[in-house]
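Read the structure below first, then the notes.
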Amino acid sequence: MTIEPLFFKPVFKERIWGGTALADFGYTIPSQRTGECWAFAAHQNGQSVVQNGMYKGLTLSELWEHHRHLFGQLEGDRFPLLTKILDADQDLSVQVHPNDEFAKIHENGELGKTECWYIIDCEKDAEIIYGHNAKTKEELIAMIKRGKWEELLRRVKVKPGDFFYVPSGTVHAIGKGILALETQQNSDTTYRLYDYDRKDEEGKLRELHLEKSIEVIEVPSIPERQTVHHEQIEDLLTTTLIECAYFSVGKWKLSGSASLMQQKPFLLISVIEGEGHMISGEYVYPFIKGDHMLLPHGFGEFKLEGYAECIVSHL
Ligand code: ZN
């Protein structure tokens with residue numbers, strides 16, 4: 001029996017900081033404040049759905065639950081990854097995520113969250129918050145209590161093509177004017193540390209979680225430098241961006257054709273630029289910017305043709 005690539009229909013989330021850039025991916029967005037495209041999502045707050053083939057109409061959670069062979073019989077009570085594209089028209093609040101151990105105890109058995117960002121596009125001089133400047137926990141607490149945010153938070157300028165690994169315990173925020181693809185553990189456990197004292201339409205501040213944030217923030221904060229690895233496979237340049245305990249993420253730049261093998265339990269491919277097609281056996285599957293494909297376990301040999309850029313991930 002032929003194993004097909006599964007194309008997923010994303011779920012969109014309106015956010016106060018969202019914009020309209022996701023429309024450039026060919027998506028019909030719900031409003032002018034669309035912040036998140038959940039591309040591969042098997043979460044209670046959002047489920048992406050298969051658009052083609054024999055599993056058409058099933059959610060990623062249903063596939064994981066009832067068709068585990070598609071994932072090489074991996075173990076676990078939920079699909080492990082969540083892939084989003086974020087459009088930040090405004091600064092996002094400054095956050096930190098717990099690790100698995102802390103979340104298990106303090107958040108009802110939830111998972112922690114390690115994530116990473118690939119900057120697809122951004123305005124000139126766009127910035128992220130990435131880490132902090134406190135040298136000890138005492139200094140961290142003192143700076144937070146006195147509201148010395150400008151001194152505490154480490155700002156980093158970004159440009160398209162940059163990549164950032166954000167392990168649990170890292171203070172972080174995406175700044176305005178940034179379009180990023182985020183790969184993360186499938187969890188929503190977030191502690192908000194600072195929200196720039198912004199008020200909503202009703203004049204209210206959003207809730208902060210200072211105590212839990214302070215507990216989980218790593219001190220000192222040393223954002224890790226990633227060494228990337230390149231490999232040229234025919235007309236495909238592959239770049240490994242991160243390999244950690246939770247996921248591996250890479251970039252594919254296709255300019256012609258390349259023959260590949262899918263030997264992982266599953267492979268997620270998000271097309272962020274260009275178009276082309278995938279040839280598997282006698283079948284041809286066209287793809288275009290904005291498509292998200294899952295290649296199941298046992299997919300085997302396939303060929304890519306076209307001009308495209310993709311972010312790929314697997315365990
Ligand atoms: Zn985060």
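Does V166 qualify as being farther than 30 Å from D77 by Cβ and in contact with a strand residue (DSSP E or B) (Cβ under 6 Å, 6 or more places away or on another chain)? So V166 fails the test.
Taking the stated definitions as given, is A21 within 16 Å of the ligand (Cβ to nearest atom), in contact (Cβ under 8 Å) with a residue 60 or more places away in the chain and out of contact with any helix residue (DSSP H, G or I) (no Cβ under 7 Å at 6 or more places or on another chain)? It is false that A21 is within 16 Å of the ligand (Cβ to nearest atom), in contact (Cβ under 8 Å) with a residue 60 or more places away in the chain and out of contact with any helix residue (DSSP H, G or I) (no Cβ under 7 Å at 6 or more places or on another chain). Restricted to region 172-230, and to residues that are under 30 Å from V271 (Cα atoms) and among the hydroxyl-bearing types (S, T, Y), which residue is most open to solvent (accessible area, probe 1.4 Å)? Result: T227. Whether any residue in region 73-81 is within 16 Å of the ligand (Cβ to nearest atom), in a strand (DSSP E or B) and either modelled with pLDDT of 95 or more or in the same structural domain as G177 (by TED's automatic domain parsing) (or both) is what I want to check. Yes, because at least one residue in region 73-81 is within 16 Å of the ligand (Cβ to nearest atom), in a strand (DSSP E or B) and either modelled with pLDDT of 95 or more or in the same structural domain as G177 (by TED's automatic domain parsing) (or both). Scanning region 135-174 for residues that are within 16 Å of the ligand (Cβ to nearest atom) and assigned to a loop (DSSP other than H, G, I, E, B) returns V158, P167, S168, G169, T170, V171. Screening L260, L294 for residues that are touching a residue at least 12 places away in the same chain (Cβ under 8 Å) and under 25 Å from Y165 (Cα atoms) leaves exactly one candidate, L294.
Residue count for region 234-261 satisfying the condition of being open to solvent by 40 Å² or more (accessible area, probe 1.4 Å), out of contact with any Lys or Arg (no Cβ under 6 Å at 6 or more places or on another chain) and among the aliphatic types (A, V, I, L, M): 2. The residue list A173, A142 contains one member that is more than 24 Å from T239 (Cα to Cα), among the small types (G, A, S) and free of Cβ contacts under 8 Å to residues at least 24 places away in the same chain, which is A142. The set of residues in region 85-100 being more than 14 Å from the ligand (Cβ to nearest atom) and either in a loop (DSSP other than H, G, I, E, B) or out of contact with any helix residue (DSSP H, G or I) (no Cβ under 8 Å at 6 or more places or on another chain) (or both) consists of D89, Q90, D100.
Rundown of residues vs (1) within 18 Å of the chain's Cα centre (by Cα); (2) under 19 Å from L315 (Cα atoms), yes/no style:
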site	(1), (2)
T2	no, no
K9	yes, no
R33	no, no
A39	yes, yes
Y55	no, no
K84	yes, yes
D89	yes, no
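Of the residues making up region 25-42, those that are surrounded by fewer than 19 Cβ atoms within 10 Å (Cβ to Cβ) and in contact (Cβ under 8 Å) with a residue 24 or more places away in the chain are G26, Y27, R33. Quickly run through region 95-112 and pick out the residues that are surrounded by fewer than 21 Cβ atoms within 10 Å (Cβ to Cβ) and either in contact (Cβ under 8 Å) with a residue 60 or more places away in the chain or not basic (K, R) (or both). Passing the criteria: N99, D100, E101, F102, I105, H106, E107, N108, G109, E110.
How about region 101-134: which of its residues are among the β-branched types (V, I, T) and not in a loop (DSSP other than H, G, I, E, B)? Once the filter is applied, which keeps residues that are among the β-branched types (V, I, T) and not in a loop (DSSP other than H, G, I, E, B), region 101-134 yields I105, I119, I120, I128, I129. Filtered by the rule that a residue be open to solvent by 10 Å² or more (accessible area, probe 1.4 Å) and either modelled with pLDDT under 95 or touching a Pro at 6+ places or on another chain (Cβ under 6 Å) (or both), region 126-144 gives Y130, K135.
Checking the stated criteria, G19 turns out not to satisfy the condition of being modelled with pLDDT under 95 and within 24 Å of D188 (Cα to Cα).
The values are calculated or read from the model by the stated rules, or taken from the named source; none is laboratory data. Model, not experiment: these values are computed from the prediction. Note: ideal-geometry Cβ built from the backbone for every residue, glycine included; neighbour counts use all protein chains shown. Calculation scope for accessible area: heavy atoms of the full protein, side chains included, ligands and nucleic acids excluded. Shrake-Rupley method; radii C 1.70, N 1.55, O 1.52, S 1.80 Å.
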